[in-house]
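Trainee: Just dropping this structure here.
The values are calculated or read from the model by the stated rules, or taken from the named source; none is laboratory data. This structure is a prediction, so every number in the text was calculated from the model and none was measured. Here Cβ is always computed from backbone atoms with ideal geometry, including for glycine, and neighbour counts include all displayed protein chains. When the accessible area is computed, the model is the full protein with side chains, heavy atoms only, and any ligands, DNA or RNA have been set aside. Shrake-Rupley method; radii C 1.70, N 1.55, O 1.52, S 1.80 Å.
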Amino acid sequence: MADRGVDLSALPKEVRDQLAELDLELSEGKMEPPPQNDVQPPAPSSSSSHAPPPSSSSRYRERRNRRTHRNGGTRDDRYRSDIHSEAVQAALAKHKEEKMALPMPTKRRSTYVQSPINTRTPPGTTAMSPPVFHNRVNPNLQSPDSWINRSVQGSSTSSSASSTLSHGEYQPLYQPHHQPQHHAPPPDVTAVAPPPTRGPRVDLPSNAVVRGMSRGQSRSSMMETADGVPVNSRVSTKIQQLLNTLKRPKRPPLSEFFTDDSEEIVEVPQPDPNTPKPEGRQIMPVKGEPLGVVSNWPPALQAALARWGATQGKSPALTALDITGKPLYTLTYGKLWSRSVKLAYTLLNKLGTKNEQILKPGDRVALVYPNSDPGMFWVAFYGCLLAEVIPVPIEVPLSRKDAGISQVGFLLGSCGVGLALTSEICLKGLPKTPTGEILQFKGWPRLKWVVTDSKYLTKPSKDWQPHVPTANTDPAYIEYKASKEGTVVGVAVSKVAMLTHCQALTQACNYCEGETLVNVLDFKKDMGLWHGVLTAVMNRIHTISVPYAVMKACPLSWVQRVHIHKARVALVKCRDLHWAMMAHRDQRDTSLGSLRMLIVADGANPWSVSSCDAFLNVFQSHGLKPEVICPCATSPEAMTVAIRRPGVPGAPLPARAILSMGGLSHGVIRVNTEDKNSALTVQDVGHVMPGALMCIVRPDGPPQLCKTDEIGEIIINSRAGGTMYYGLPGLTKNTFEVIPVNANGVPIGEIPFVRSGLLGFVGPGSLIFVVGKIEGLLMVSGRRHNADDLVATALAVEPVKTVYRGRIAVFSVTVFYDERVVIVAEQRPDASEEDSFQWMSRVLQAIDSIHQVGLYCLALVPANTLPKTPLGGIHISDTKQFFLDGNLHPCNILMCPHTCVTNLPKPRQKQPVGVGPASVMVGNLVAGKRIAQAAGRDLGMIEDQDLVRKHQYLTEALHWRAQTDPDHVLYVLLNAKGVTVGTATCVQLHKRAEKIAAALTEKGSINTGENVVLLYPPGIDLIASFYGCLYAGCVPVNVRPPHPQNLAATLPTVRMIIDVSKAACILTTQNLMRTLRSKEAAASVNIKTWPTIIDTDDLPRRRPPQIYKPPTAEMIAYLDFSVSTTGMLTGVKISHAAVSALCRSIKLQCELYSSRQIAICLDPYCGLGFVLWCLASVYSGHQSILIPPFELETCPSLWLSTLSQYRIRDTFCSYSVMELCIKGLGTQTELLKARGVNLSCVRSCVVIAEERPRLALTHSFSKLFKDVGLSSRAVSTAFGSRVNLAICLQGTTGPDPCTVYVDMKSLRHDRVRLVERGAPQSLPLMESGKILPGVRVIIVNPETRGPLGDSHLGEIWVNSPHNASGYYTIYGEESLQADHFNTKLSFGDPHTLWARTGYLGFVKRTELLDASGDRHDALFVVGSLDETLELRGLRYHPNDIETSVSRAHRSIAESAVFTWTNLLVVVSELCGSEQDALDLVPLITNVVLEEHHLIVGVVVIVDPGVIPINSRGEKQRMHLRDSFLADQLDPIYVAYNM
């Protein structure tokens, strides 16, 4: 349709879909002329007695099904070779014996793009296993346990089998083996159905590890597994299957280990001694026969046209066909001449105003004509030649999104085209703007469009004659050529080359005047132009042009034309032979006896031999003679390279070469006799063209002549070839001016050759054989593979049910220092998941066996989605670009990095710890490395005994402040509007605390030393209750209240902390008390067993008899419970001494006094956040403005407006608060400015965290709010851990935090090497704030426990008066983790007691000076030791891999990584549409391989908000792992990389 200038976009969608489907059918030749009365009404069935009449699409489908049924079993005979099919079947049979079952990917139902519902297999079943469940509700199902166990025996059941259940009738719950009656099991908090957006951040303790659980319940309620993950999980089964698959040895055996200092990245492949090498002598140039001189050959091609126009005006030049294949019009030589002259005259004289000539001879003009209109094109082409302007034929642009459209713009630009000729019909069909102008296509120069229909042409005056000079070296026309990378360049052909080429073709093909030629090829370029337009006119041949559209409607039309017109020559491609064979049954009486030459234009494709043989087989009975089949080899640059001359009847047929594919991959010719499985049969393409000289040179490096048994690139010297890439002199030199050299590098002569882009060799009798094209060459690990060969192997794996045969693309992408092979095919809509997966795994095996090359990726996309070339092929470079950009949208994908990436560095072997620690230390000192340690300034002694008493216990400090400065406001609480909703002066706080203490002793009858849980929203009640507990002598346990909208997820954590801490009582508000006793709460926990709950909203006015004073400062002041990122719930004991030391340290560091104001926007439930919220103000006397972080969700500007309004100098926040500000205010800085927000007052803004500083986030924050006065130096971070709540905190004095760049490669080896900013593989790290007064840190080897030098990464150990006293446990199990708190170095300083933070970091001495004038030692935190991934003997930090993954594609919102059984699992949240899900799999695999040299084992794509994040904004990766393995994520897609 498009060929006839019809605007497809105007048709209804249904019709467009049908046309698209039809296109696919046709592009692979599955069509026959439709029988006349094919459509019959369907017989009415009982179910559809009153159904509407079938729509056209259903009728069409019915017809198609019938047709498919008739000829669906045939393979693509373009690539058909029975030998090859046998080879593939043999290879697959071999694999079958090995029984390698690949785990099938898991896909959510909604991601099935196509597949009608009835052909879909349930996602829980795979090719290798029976369905796990046949019926959703089965009365005979035993307990879920048996169901899970059965799935393990089913070996490869899919993980989404459960996701279909998780919203359904029942959910498998793991039955504990036995449960003590008095303990509820730990709540399963992982089974939360994820909200569509990230819900409230909840701290989810892992079910596996609760430090401080009673012995009775500790392990009985867990599954008996290594990591508390249920063993019988479908996902683990799949992973086990994947591991089994990966146990196959890789091809190059890896040497065992390498020492850890080695810098090499890539395994350098050792040359294989058995590699075949060329052994022949150096090749001699091959000469074609001399080009004969015929006396009546014209001096120029235009002269030939002038001659025939004058003397043979009635003789037919061209017959064009309509869409049905019937002749539409015939153009005679007289008409062709007169119209061309008219056009030439119009172009030169009639385009501009009277005096202005728009076109001059030598200007370039685009020719835009559809394939269905050869006549208009002929007139335009010859009109341009006569006007001496240079035609540049291009394809008709159909839309802005045409494949490669912008590259065509590059061609027009490089050729300086400003004018386009077209026909009226074509012009109407071009895409237009709403105003009716022709669209400006992307990358195209501005064009003036000229219509060349006869009625618009001007007849020249009597005296005007076109100038026809003798052919010279000026360009005659420019032919476009698309390179492998997709760039379109113009090959300029000179007038003399055009003429000589026509003469050479006439001589080689023995053309005679007046013959008839049937041309099925594109007449705008290549063979279709050279034979069908140029040589035809030179020899007064009658050309019958059969356009692509006619071939699609009637594949046999060209054969019928040969029969009707008794044509002597036909010009076809293998595709046309194939189509004719498919449809030949309907034509009994056609005869091909008149043909003397059947030119096969793509005869150079190694797989053409099978098409030629099969066609001969079928049509020999129709008069086709074997010797008329003439394959040829051509390229746009060298034009015709070789063509088989028409044979003499009875002469022996040319020989075949059966070559070893192994030899070919090394560029060597070896005749294959033994293993027919990996053989390639090629036919010759005849001899070199008359008057040409040919050599074979090495395709890479200098053009060195090949040996006789070596494959190389064919280069040609001839007058009949292209002269240059127009407008691109640099490229031209490398292609058109090649001088071959001999083995010593000496040029063999002066004559320049042209590269043809064809790979081949010279056989016996100087016959030329072609084995592939440079642009189809894939160089993998130093071996050559041909894309066409791989396509042929894939097609031999019977793809009938799965993919469209004509729609397979093969290309290579560079990943991790080598080319990796990718195959993309279009999947049939009715192919089931199982069929597709099975086909993919068989293709993998076949290619592996036959070509000895691993596939990196095999992707199936929905029908009709790959970019097309104008004549229906696949646009490879665009497909490759789509793949790399993540725009391919596959519906099935299989990645095999484990099998094909064989150049990874060798795994590192950890050095044995045989060397004594002391010698390591001496070695460090000799090398001039200092021991990595650092300390904050001295806390100093407090002289005044009164102050000592005042500050020893916080209760006394508060009491003292209430007496000495009762009305001083300590706390101000703000709401979302920025309005003060609560204040607390010293005396108010003291009195409220007294009331609470009285209530505890009376209502709760609490004894001294018992634990009391505080359950409050962020506010002043929480602070008062804390001091109330201290006044009563109880131990407060601060717990985040459950989220009312998400009780199921948050309440079990509250319950767990209450149970583990053995709390005697709960202090809370009225609202929360109602929540705890509500029906909703009862659904999640047992509400009857809560301890005493005291509501502090309404208390009697009583005072306690006295305020409790602890007998010693070592007594516990409070318990700090927190869920670590690894999902571990830990409660630490903080003594009174630690509290006062910590408060004093913070006071000194931040210079806090009564006159100061600070703003706090933090969660006040644990760690340093709690200390700043509840303790620091009472100790130091400064005023704290409290901003609950959840208020920022309704008013993101609250915190910043407060800073501006109160002129705050110091503020504390969390990363989640920063993220809220960036997301909520990213576009509103101007608005903030207008509202008068000014942050120039802020001197320090400290992020409180227990992790590596998030540099990207703090930078974005500083940059974004720079416009409202925020200083870039203000933002810094703090660092604390479970064993010490505050190790670093950027104070008011001291140098700014510094940033260093470390080498990631060294970091993986636990080495620290500083590099310059922007160095490859560099990682920026920011100092975690200044070390607090009284704190000492040292970097220690976690294995040997010896101190390390400052160029090493090690565990951070800390010594300080405010270290925690230990983990809170019930049955005194302190011994388990005692070494976390009181541990000694194995040498060096054996007396100091250190606490182990569990974080890795390093210390660097900087050039900056601290307050005392010494050089400043900076502490850099790299990551949590528990979370590091040990892979291949190296240490990886998950956030580094996650940063890379998040950069891979715009649709990745957040990602998390973890390992399971040594496989790296990447979970990514998809924020785009679900059709992008599978695009992410190769991109994630690529980026992790490139940047971290790791192969991803499993890629899991999930919805936004699935990755659990705790209240501090940290990812809980272990939780995620447990949920994944327990199959509770409901993933969109899970890919298991082979």
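Trainee: Would you pull out the residues with amide H under 5 Å of K432's amide H, same chain only if 5 or more places away, H placed 1.01 Å from N?
Mentor: L439
Trainee: OK, next. Counting only Cα, what are the radius of gyration and maximum Cα-Cα distance Dmax of the stretch 714-782, in Å?
Mentor: When restricted to the Cα atoms of the stretch 714-782, Rg and Dmax are 14.0, 40 Å.
Trainee: With viscosity set to 1.306 mPa s at 10 °C, what whole-number translational diffusion coefficient in µm²/s follows for the stretch 463-509 from Stokes-Einstein and a Kirkwood radius over Cα pairs?
Mentor: 124 µm²/s
Trainee: Ranking request for peptides 1106-1117, 993-1004: highest mean number of other beta-carbon atoms within 10 Å first, then the rest in descending order.
Mentor: Those peptides, ordered most packed to least, come out 993-1004, 1106-1117.
Trainee: Would you calculate the convex hull of the Cα atoms in the stretch 1075-1150 and tell me its volume per residue in Å³?
Mentor: 230 Å³
Trainee: Shifting gears a bit: Give me the compactness ratio for the stretch 748-802, meaning the Cα radius of gyration over 2.2 N^0.38 Å.
Mentor: 1.60
Trainee: Determine the gain in length on full extension of the stretch T275-A310; use 0.36 nm per residue of separation and subtract their C-alpha separation, reporting nm with one decimal.
Mentor: Length gained between T275 and A310: 6.1 nm.
Trainee: Related question: Given charges of +1 on the Cβ of Lys and Arg and -1 on the Cβ of Asp and Glu, with all other atoms neutral, how large is the dipole of the stretch 683-827 about its Cα centre, in debye to the nearest 20?
Mentor: 160 debye
Trainee: With r as the distance between the Cβ atoms of R446 and D700 and R0 = 35 Å, compute the FRET efficiency 1/(1 + (r/R0)^6) and round to 0.05.
Mentor: 0.30
Trainee: Could you check the spin-label model distance between R930 and R1405? Points 7 Å from the Cα along Cα→Cβ, value in nm.
Mentor: Placing both labels 7 Å along Cα→Cβ, they lie 0.3 nm apart.
Trainee: Also, quick follow-up: Using modelled amide H (1.01 Å from N, peptide plane; none on Pro or chain starts), what sits under 5 Å from the amide H of T1277, excluding residues fewer than 5 places away?
Mentor: So T1277 has HN proximity to V1247, Q1290, G1329.
Trainee: Return the Rg/Rh value of the stretch 459-539, two decimal places, where both radii are evaluated on C-alpha atoms and Rh is the Kirkwood radius.
Mentor: Result: Rg/Rh = 1.05.
Trainee: When only the heavy atoms of the protein chains count and the probe is 1.4 Å, how do R908, R575, R1074 rank by accessible area, highest first?
Mentor: Result of the area sort, largest leading: R1074, R575, R908.
Trainee: Can you bin the stretch 369-502 into rounded, prolate or oblate? Criterion: square roots of the alpha carbon gyration tensor eigenvalues sorted a ≥ b ≥ c, rounded for a/c under 1.5, prolate for a/b above b/c, oblate for the rest.
Mentor: Because a/c hits 1.5 or more and a/b fails to exceed b/c, the stretch 369-502 counts as oblate.
Trainee: Considering the Cα trace of the stretch 1100-1238, what is its radius of gyration and what is Dmax, both in angstroms?
Mentor: 18.2, 58
Trainee: Moving on. Report the Cα-based extents of the stretch 1288-1439 along its three principal axes, largest first, to the nearest Å.
Mentor: That gives 53, 45, 28 Å along the principal axes, largest extent first.
Trainee: Ok, one more. Alpha carbon centre of the stretch 412-438 versus the stretch 503-548: separation in Å?
Mentor: The two parts, judged by their Cα centres, are 29 Å apart.
Trainee: Out of every Cα pair in the stretch 1030-1116, what percent are spaced more than 22 Å from each other?
Mentor: 35 percent
Trainee: Once label points are set 7 Å from the Cα along Cα→Cβ at both H467 and K350, what is their separation, rounded to one decimal in nm?
Mentor: About 2.1 nm, to one decimal.
Trainee: In addition: Semi-axes of the equivalent ellipsoid for the stretch 1424-1536, please: Cα gyration tensor eigenvalues, times 5, square-rooted, ordered largest first, whole Å.
Mentor: Working through the eigenvalues yields semi-axes of 19, 17, 13 Å.
Trainee: Long-range amide H contacts for K868: which residues qualify at under 5 Å (H placed 1.01 Å from N, peptide plane, sequence gap of 5 or more or a different chain)?
Mentor: A403, H875
Trainee: Hey, another quick one. Report the percentage of all Cα-Cα pairs in the stretch 578-664 whose separation exceeds 23 Å, rounded to a whole percent.
Mentor: In whole percent, the long-distance tail amounts to 30.
Trainee: Report, in debye and to the nearest 20, how large the dipole of the stretch 994-1152 comes out about its Cα centre when Lys and Arg carry +1 and Asp and Glu carry -1 on their Cβ.
Mentor: 180 debye
Trainee: How big is the Kirkwood radius of the stretch 1186-1291, worked out from every pair of different alpha carbons and given in Å to one decimal?
Mentor: 14.0 Å
Trainee: Right, another one. Using 10 Å bins from zero, what percent of all Cα-Cα pairs in the stretch 567-612 falls into each bin?
Mentor: Going out from 0 Å in 10 Å bins, the stretch 567-612 shows 24, 53, 22, 1 percent.
Trainee: Please list 3J(HN,Hα) in residue order for the stretch 1392-1403, calculated via the Karplus relation 6.51 cos²θ - 1.76 cosθ + 1.60 where θ = phi - 60°; whole Hz, with x for glycine and proline.
Mentor: 5, 8, 10, 10, 8, 7, x, 10, 8, x, 8, 10
Trainee: When the convex hull of the C-alpha atoms of the stretch 700-849 is computed, what volume per residue in Å³ does it have?
Mentor: 190 Å³
Trainee: What are the extents of the Cα atoms of the stretch 1211-1367 along their three principal axes, in Å, largest first?
Mentor: The Cα atoms of the stretch 1211-1367 stretch 59, 42, 28 Å along their principal axes.
Trainee: Could you give each residue of the stretch 271-283 its phi-based ³J(HN,Hα) in whole Hz, using Karplus coefficients 6.51, -1.76, 1.60 with θ = phi - 60°, and x for Gly or Pro?
Mentor: Coupling constants for the stretch 271-283: x, 7, x, 8, 4, x, 10, x, 10, x, 7, 5, 6 Hz.
Trainee: May I ask you to give the average projected area over all directions of the convex hull of the Cα atoms of the stretch 648-729, in nm² rounded to one decimal?
Mentor: Value for the stretch 648-729: 8.7 nm².
Trainee: Step through the table entries K350/K428; K525/K573; K401/K442; K277/K707; K481/K524; K1233/K1266, compare each Cα-Cα distance with 19 Å, and write down the pairs that go over it.
Mentor: From the list (K350/K428; K525/K573; K401/K442; K277/K707; K481/K524; K1233/K1266), the Cα-Cα distance tops 19 Å for K350/K428.
Trainee: Oh, and also: What is the diffusion coefficient of the stretch 1258-1301 in µm²/s, taking the Kirkwood radius over Cα pairs and the Stokes-Einstein relation at 37 °C with a viscosity of 0.692 mPa s?
Mentor: This corresponds to a translational diffusion coefficient of 269 µm²/s.
Trainee: Do me a favour and compute the ellipsoid semi-axes for the stretch 1005-1069 from its Cα gyration tensor, root of five times each eigenvalue, largest one first, whole Å.
Mentor: Semi-axes, largest first: 21, 14, 7 Å.
Trainee: Could I get the Rg over Rh figure for the stretch 1487-1538? Both from C-alpha atoms, Rh via Kirkwood, rounded to two places.
Mentor: My calculation of the ratio gives 1.01.
Trainee: The stretch 590-716: Rg/Rh from Cα coordinates, Kirkwood Rh?
Mentor: That ratio is 1.01, to two decimals.
Trainee: Please compute the alpha carbon radius of gyration of the stretch 485-588, then divide it by the globular-protein estimate 2.2 N^0.38 Å. Two decimals is fine.
Mentor: Here the answer is 1.18, to two decimals.
Trainee: Compute the separation of the alpha-carbon centres of the stretch 1158-1182 and the stretch 634-707 and state it in Å as a whole number.
Mentor: 82 Å
Trainee: Also, I was wondering about something else. Please compute the length gained on full extension between S1473 and R656, using 0.36 nm multiplied by the number of residues separating them and subtracting their Cα-Cα distance.
Mentor: 288.9 nm
Trainee: Which whole-number percent of Cα pairs in the stretch 836-905 have a distance greater than 14 Å?
Mentor: Every Cα pair in the stretch 836-905 considered, those over 14 Å come to 67 percent.
Trainee: Please list, in order along the stretch 736-749, the HN-Hα scalar couplings obtained from phi with the Karplus expression 6.51 cos²θ - 1.76 cosθ + 1.60 (θ = phi - 60°), rounded to whole Hz, x for Gly and Pro.
Mentor: 9, 10, 8, 10, x, 10, 8, 4, 8, x, 8, x, 8, x
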